[in-house]
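The values are calculated or read from the model by the stated rules, or taken from the named source; none is laboratory data. Bear in mind that the values here come from a model prediction, so they are computed numbers and not experimental data. No Cβ is skipped: glycine too gets one built from the backbone with ideal geometry, and neighbour counts run over all protein chains shown.
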Amino acid sequence: MSEFKNSTPAEIFEIIDQHHRFFEKSIPLIASENLTSIAVRRCFISDLGHRYAEGKVGKRFYQGCYFIDGVEDAAIKITKEIFDVEHVNVQPISGVVANIAAFFALTKPGDTIMSMSVPCGGHISHDRISAAGIRGLKVVYYPFDNDVINIDVDETRKIALKEKPKVFVLGSSLILFPQPVKEISEIASEIEARVFYDASHVLGLIAGREFQAPLKEGADVLAGSTHKTFFGPQRAIILSKKELAKKIDTAVFPGVISNHHLNTLAGYVIAAMEMKEFGKAYARQIIRNAKRLAEEMKELGFNVIGERAGFTESHQVAVDVTEFGGGDPVAKKLEKINVILNKNLLPWDNISDSRNPSGIRIGVQEVTRIGMKEGEMERIAEIIYDAVSNRKGESQLRQEVYDLKKEFNMIKYTFEESPAYKFPDIC
Ligand code: DSN
């Protein structure tokens, strides 16, 4: 940890600078992170970040919102266009907040929902430990097919007919493949339930039309954070059919939001413009990179999961590293050579294994945004292998990481390329 000694602003800026230098020479592979462009970052320091705009466009509870209304109207319009959807709410300030709002809109306390367990990839907010618990929901888990790393639809149907969930929650934090939205939606319509897809991880792939299209396949509501594969600021959106508009909007405000962070809302609009222009090429390259990384790791001898289904169709690769001591020591070892990723529960783990689960999860969306392609994925696989198998020492590998990364510190898939990990020259 970097220690704070003198309590001066300069010291904080120095710590931030050290963080920037650290990331500049690191390979960032956390599947839930990404980089924003300079145009998006310019919005962060605008006066919008000091204002309130409770309510809807044109119907605010605060004065002074003429121009803010323009920003939010633009956010709504471009989101509808990118996702080809009837209704959007752009106000949630995070993915969990969006999920809580969706649960408030679609359920009442005491209802049952069906969701993915955390080891099978479910997000904590789909479980009783978090958002589902806040709403007082009973949670029943999907049966999971470990061979294809996906939901077992036939078994799900049997459980659903017995438990009668009000909502089927789809979308995961460990998500290698599209999920059976159409089949689950058919089950939902038999028991008059709703389907809610948490697209936080795959929102940028959906926007680029390179993953499944949950709302077209039958989901009623889709929420997603806008900073993972979707390379915007840390906030979220909710998309739905028109018939649910009022319920969703009321659940967001006054339900779970007062101020909705107008500076990052403006940044979101810019990121959405970038996604509209460059999203297809970006999403396609992400998937190519993830597949290449998975194949190369497999060739090197890693136990890459999901082989039967082709390893991955998303930005993620998951590897069972039990033979190397488990996810915790492996992630820490890689951190020492500046390869940054996280340990991860795998479907055969228990939740109680979370301190040292079997797996690591690798996300390639950030390295794709800085221009890496299949060749760089092969180098990353080799570096990871050389580290965990002790084939090379730490200082040599840190140098190899540095040499690989130094050519890739500019943000791509944007209108104005800019350095990824520096204080931008914004004013
Ligand atoms: N915890 C994040 C992830 O890494 O998937 C999602 O909130």
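Things worth noting here:
Quick grid of which residues meet (1) within 16 Å of the ligand (Cβ to nearest atom); (2) more than 26 Å from Arg288 (Cβ to Cβ); (3) buried (at least 24 other Cβ atoms within 10 Å of the Cβ); (4) polar (S, T, N, Q):
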site: Tyr142; (1), (2), (3), (4): no, yes, yes, no
site: Val153; (1), (2), (3), (4): no, yes, no, no
site: Ala160; (1), (2), (3), (4): no, yes, no, no
site: Phe168; (1), (2), (3), (4): no, yes, yes, no
site: Leu176; (1), (2), (3), (4): yes, no, yes, no
site: Ile191; (1), (2), (3), (4): no, yes, no, no
site: Asp198; (1), (2), (3), (4): yes, no, yes, no
site: Gly204; (1), (2), (3), (4): yes, no, yes, no
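- The selection criterion, being under 18 Å from Ser37 (Cα atoms) and of a type in the set (S, T, N, Q), does not hold for Ser189.
- Qualifying residue in region 79-87 (condition: closer than 21 Å to Val139 by Cβ, more than 16 Å from the ligand (Cβ to nearest atom) and not in a helix (DSSP H, G or I)): no
- Matching option when the condition is hydrophobic (A, V, I, L, M, F, W, C), under 23 Å from Pro143 (Cα atoms) and modelled with pLDDT of 95 or more, among Val317, Val364: Val317
- Any hit, region 223-232, residues being within 28 Å of Ile305 (Cβ to Cβ), of a type in the set (D, E, K, R), within 16 Å of the ligand (Cβ to nearest atom) and part of a loop (DSSP other than H, G, I, E, B): yes
- Across region 97-120, the qualifying residues are those that are surrounded by fewer than 24 Cβ atoms within 10 Å (Cβ to Cβ) and more than 23 Å from Ser354 (Cβ to Cβ), and the one among them that is nearest to the ligand (Cβ to nearest atom) is Val97.
- Residue identified as charged (D, E, K, R), within 29 Å of Thr250 (Cβ to Cβ) and loosely packed, with under 13 Cβ neighbours inside 10 Å among Lys59, Lys5: Lys59
- Residue count for region 141-169, restricted to those that are among the β-branched types (Val, Ile, Thr), over 23 Å from Ala318 (Cβ atoms) and in a helix (DSSP H, G or I): 1
- Residue in region 209-217 that is closer than 17 Å to Ser115 by Cβ, of a type in the set (Phe, Trp, Tyr) and either within 16 Å of the ligand (Cβ to nearest atom) or crowded, with 24+ Cβ neighbours inside 10 Å (or both) present: no
- Test for Ile16: is it of a type in the set (Val, Ile, Thr) and within 16 Å of the ligand (Cβ to nearest atom): no
- Per the listing Ser130, Ser94, the residue uniquely within 16 Å of the ligand (Cβ to nearest atom), polar (S, T, N, Q), modelled with pLDDT under 95 and surrounded by fewer than 23 Cβ atoms within 10 Å (Cβ to Cβ) is Ser130.
- Looking only at region 288-313, residues that are under 22 Å from Asp145 (Cβ atoms), of a type outside the set (Lys, Arg) and touching a Ser or Thr at 6+ places or on another chain (Cβ under 8 Å) come to 4 in all.
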